[in-house]
Amino acid sequence: MIDQFTTQVSAQHFDWGYPGCQGNYDVALACDVLYEPYSVEPVANITPWLLNHRTGRLLLADPSHRTKDNRDRFLQLLGGQPKSAMLLQESSEVTIRMDEQDSLVQLQLLRMKQGQETVGLKLSAPGQD
């Protein structure tokens, strides 16, 4: 049976190095964009401006073992933006198989913060519970 609902989906390639772009997207997919420490701040600065401020979501996928410090810094930067803060909604680690090799990938779903909202996954620094 064919679904009676139809959804129009569009995609656009985005250059993180060109911050003049703005959007009103419901979803942004970002894969392996936090590899280098110098990438973290520009990506964090532009992400909220690409998304719809009520419904926007970011799905971030990065190799678990390679970018943890950059990912932590990215989340800290996104959470601290006064008018465009984002909250971590879900986080999981999955194993993918590519070229006959297993790799761990950290998947994180972030959403735009609404008003004074503080609900989201609570992250603690290592050694803190």
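Tabulated data
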quantity: Chain lengthening between THR95 and SER10 when straightened (0.36 nm per residue, less Cα-Cα); calculated: 27.8 nm
quantity: 5 angstrom amide H check on TYR25, placed H, neighbours 5+ away; calculated: LEU51, ASN52
quantity: Karplus-derived 3J(HN,Hα), 6.51/-1.76/1.60, for each residue of the range 44-49, Hz, glycine and proline x; calculated: 5, 5, 8, 3, x, 7
quantity: Length added when fully stretched, ARG73-THR55, from 0.36 nm per residue minus Cα-Cα; calculated: 4.1 nm
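No value in this document is a laboratory result; all are computed from the given coordinates. All values reported here derive from a predicted model rather than from experimental measurement.
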